[in-house]
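The values are calculated or read from the model by the stated rules, or taken from the named source; none is laboratory data. Computed from a predicted structure; not experimentally measured. Heads up, the Cβs are rebuilt from the backbone with ideal geometry, glycines too, and the neighbour counts pull from every protein chain shown. SASA here: full protein model, heavy atoms, side chains in, ligands and nucleic acids out. Shrake-Rupley method; radii C 1.70, N 1.55, O 1.52, S 1.80 Å.
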Amino acid sequence: MTPYELLLDALFDPDRVVGADAARLLGGLGRREAAPALVRYVTECRYHAKVAAFEALARIGDASVCPAIRPRVDDPHVYDDWYWYGAKTVRAAAATALLALGDDSGAAYLTELADKHDDALYAWMAPAVLALGDTTPATAAIKARLSVQSLTGANERSVRLSDPGRLTRVVEALGLIGGDEAARAIAGWLGFRSRYVRAQAAVSLLAASSSQENIEAVAALRDRDGTDFVRIRATQALIGAGAADDASPLLDGAV
């Protein structure tokens, strides 16, 4: 069995994490012949992990799958078992994949989430939506709803800026928006309690603005953080921004 065939088989592994990882890898390969298997997966899988397969289908770019994806916007076919994932995020992932493929039939649902200021859009799906090209007027309109203010101005019932999972996605989205306003918001989370948030903040800060002040802040994080994970990501961010050519901190943390 070839590695590609192993990935197709792994989509339907009883371990939902294995299936999601297989979907991500298939999306990275970009092979159009994988689309039918991914469509079957998003149709049959009952767990929110299948969000990864919608992202894979968007990356593969075969618009012929749109008719098969459309029903998942209204009927996600998942157990709504985790309040921070569940049906809404799967529906939003399906709608976002459709937009990526030039089909705006799911835009109404994303607009509904935007009107409710729902974290399914303003946290979990924000990076994927912001990464879309302005393929349709509906896509441009939804992307315009994702501003620094709307992403960081969580309403009183939201845990968007305190839950590490949600906040990591918000920080990633702010890096995609870029600019000084986004950078100022990101910098405030370099000291957050979660290493995942700190690591994403290092990456997103330099993506938003590679000013000398921001470079120094990320370099300080690289040198002083207590976790290898953050030090490695900070080193990667500095190298990516052309602000460092010495990977020894990254290598030290990897051994």
Q. Which of (1) among the charged types (D, E, K, R); (2) closer than 22 Å to A107 by Cβ; (3) touching an Asp or Glu at 6+ places or on another chain (Cβ under 9 Å) is the odd one out, the single condition R32 does not satisfy?
A. (2)
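Just wondering, is there one or more residues in region 170-183 that are modelled with pLDDT under 95, within 20 Å of V129 (Cα to Cα) and in a loop (DSSP other than H, G, I, E, B)?
Looking only at region 170-183, we keep the residues that are modelled with pLDDT under 95, and these are none.
Among the residues of region 170-183, not one is modelled with pLDDT under 95, within 20 Å of V129 (Cα to Cα) and in a loop (DSSP other than H, G, I, E, B), which makes the answer no.
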Q. For region 5-103, which fully contained helices (runs of 4 or more DSSP H) count at least 3 residues that are open to solvent by 20 Å² or more (accessible area, probe 1.4 Å)?
A. 16-29, 35-44, 51-60, 71-74, 86-100
Q. Can you pull out the residues in region 116-149 that are part of a helix (DSSP H, G or I), of a type in the set (D, E, K, R) and modelled with pLDDT of 95 or more?
A. K143
**Q.** Selected residue (criterion: least open to solvent (accessible area, probe 1.4 Å)) from residues of region 159-169 that are out of contact with any Pro (no Cβ under 9 Å at 6 or more places or on another chain) and not in a loop (DSSP other than H, G, I, E, B)
**A.** L167
